[in-house]
Amino acid sequence: MDATPLQIQMFHEFTIRQTGTQCAVSGRSHKLYLLLAYLIWERKRPIPSEELTSLLWEETAPASFNALKALVHRARTCLDQLSEGAGRTLLLSREGCYQWNPDFPIRLDAEEFLRLCQSGRRARRLQALSLYRGSFLPSLEGHPWAAPTAERLHQLYLTTLLEVLPQLAEEERWQEVVQLVGCAFGLEPFREDLCRWEMEALLHLNRHREAARSYEGLQERLLTRMGVLPSDQLRELYRQSQRSRDPRAVSPVTLLERLQEPPHPGALICEYDFFRIVCHSMARMAGRSGEPLHIALISITGPEDAPLPRYSLDRAMDNLQGVILSRLRRGDAAARCSASQFVLLLPQASYENGQMICSRILRAFARQFPHSPARLQISVQPLLSSG
């Protein structure tokens, strides 16, 4: 076998190359993949057969020595793709142990990555980042042997990247920042710090549309996976990316900010005209889903149903609004429909539930304002769609 060093890649995929000839391990059986990866990574020592059978058949009953021999034979046959007899040259067996030939020269991307990351020179660290094409031995993701190494290498990659980026930015090497972050973003698609670096670099390069697409992609992923929006800092960068667009158009971020309700507890208190529109929309939704939808009317009168004086009525209505706001759910809505009445919209509430909700409001009002001259009356009715 030619003594030219083997080029072994374990990031993103597992391949072994020599002078234009390639042995692709990715796509092979799981046990063959694991056997070769383990022997190469631990090549400085002979591996006892018992250790290999325990590693390879951990989830089932331990295999026989003959099963291991058969797997090693398949591994050697795979390596023979490099050249005739390569399998026996590279995979040694002696005294009940197997070992990857420690004397045969190899260049392993993961080991080269570690060595370059440890260098204090930026040029070498950039070389290291270029070697990290994807996760370490991806077909072994989550495997007890490979997972700790994969996580350590990935964290080292991110740490090195985030140390190099400010140095490149200081020298305004924005194109390199875009290239590095673009690769990292593919591996860490939910990280806002990577999106920020990419957007800032693209804005410096006057590539505003690409910066906007970077933000929009992150926003879609965050909303889909976690139901959250990007940070205020990123939204500000997005606004900057929109300045070259039609100033009369509304950006998705601005639209979302305008439509978002300010955070507050309790029900939605709104004007009656808007309440009617909400009712129409909710009635249509209830008509499609078949879920119950009820409205409740709460009226204020004085003792013996006599009207209250204007001052007392206004005060009682303000007090009642506070009780309604605290007692209804966030999905409910309420509005003043006359000088002495509130109407409540109660989605997903049956008639009995509507009665209970109103009774709670009445009891809470009586407890909080025991000396009020106001008397409350309730009426609960179903709201039906006209469609």
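The values are calculated or read from the model by the stated rules, or taken from the named source; none is laboratory data. All values reported here derive from a predicted model rather than from experimental measurement. A quick note on method: Cβ atoms are made from the backbone with ideal geometry, for glycine too, and the neighbour counts reach across all protein chains shown. The accessibility values were calculated without ligands, DNA or RNA, using every heavy atom of the protein model including side chains. Shrake-Rupley method; radii C 1.70, N 1.55, O 1.52, S 1.80 Å.
Condition first: outside any strand (DSSP E or B) and open to solvent by less than 10 Å² (accessible area, probe 1.4 Å). Can you find one or more residues in region 376-385 that meet it?
Taking region 376-385 as the starting set, the residues that turn out to be outside any strand (DSSP E or B) are 383-385.
Narrowing the set further to residues that are open to solvent by less than 10 Å² (accessible area, probe 1.4 Å) leaves none.
No: region 376-385 contains no residue that is outside any strand (DSSP E or B) and open to solvent by less than 10 Å² (accessible area, probe 1.4 Å).
Which ranges mark the strands (runs of 3 or more DSSP E) fully within region 49-150 that have 1 or more residues being open to solvent by less than 20 Å² (accessible area, probe 1.4 Å) and farther than 18 Å from C23 by Cα?
Passing ranges, in order: 97-100.
Could you tell me which numbered condition I40 fails, if it satisfies all but one of (1) open to solvent by less than 40 Å² (accessible area, probe 1.4 Å); (2) in contact with a helix residue (DSSP H, G or I) (Cβ under 8 Å, 6 or more places away or on another chain); (3) not acidic (D, E); (4) not in a loop (DSSP other than H, G, I, E, B)?
Condition not satisfied by I40: (2).
List, please: which pairs have Cβ atoms under 6 Å, are six or more places apart or on different chains, and start with a residue in region 273-293 that is in contact (Cβ under 8 Å) with a residue 40 or more places away in the chain and end with one that is surrounded by fewer than 13 Cβ atoms within 10 Å (Cβ to Cβ) and not hydroxyl-bearing (S, T, Y)?
As it stands, the answer is G287/G387, since those pairs meet every condition given.
Please work out if R284 is open to solvent by 50 Å² or more (accessible area, probe 1.4 Å) and modelled with pLDDT of 90 or more. First the steps, then the outcome.
Details: open to solvent by 50 Å² or more (accessible area, probe 1.4 Å): yes; modelled with pLDDT of 90 or more: no.
So R284 fails the test.
Considering only residues of region 311-351 that are of a type in the set (F, W, Y) and open to solvent by 30 Å² or more (accessible area, probe 1.4 Å), which is farthest from the chain's Cα centre (by Cα)? Give the steps one after another, and end with the answer.
Pass one, region 311-351, residues of a type in the set (F, W, Y): 311, 342, 351.
From the residues that got through so far, the ones that are open to solvent by 30 Å² or more (accessible area, probe 1.4 Å) too are 311, 351.
Numbers: Y311: 54, Y351: 40 Å.
Looking at the filtered set, the residue picked out is Y311.
What are the pairs, 6+ residues apart or on separate chains, where a residue within region 205-224 that is modelled with pLDDT of 90 or more and open to solvent by 20 Å² or more (accessible area, probe 1.4 Å) has its Cβ under 7 Å from a residue that is basic (K, R) and assigned to a helix (DSSP H, G or I)?
Filtered contacts from region 205-224: no entries.
From (1) more than 26 Å from F14 (Cα to Cα); (2) assigned to a helix (DSSP H, G or I); (3) among the small types (G, A, S); (4) out of contact with any helix residue (DSSP H, G or I) (no Cβ under 7 Å at 6 or more places or on another chain), pick out the condition that doesn't hold for A169.
Unmet for A169, out of (1) more than 26 Å from F14 (Cα to Cα); (2) assigned to a helix (DSSP H, G or I); (3) among the small types (G, A, S); (4) out of contact with any helix residue (DSSP H, G or I) (no Cβ under 7 Å at 6 or more places or on another chain): (4).
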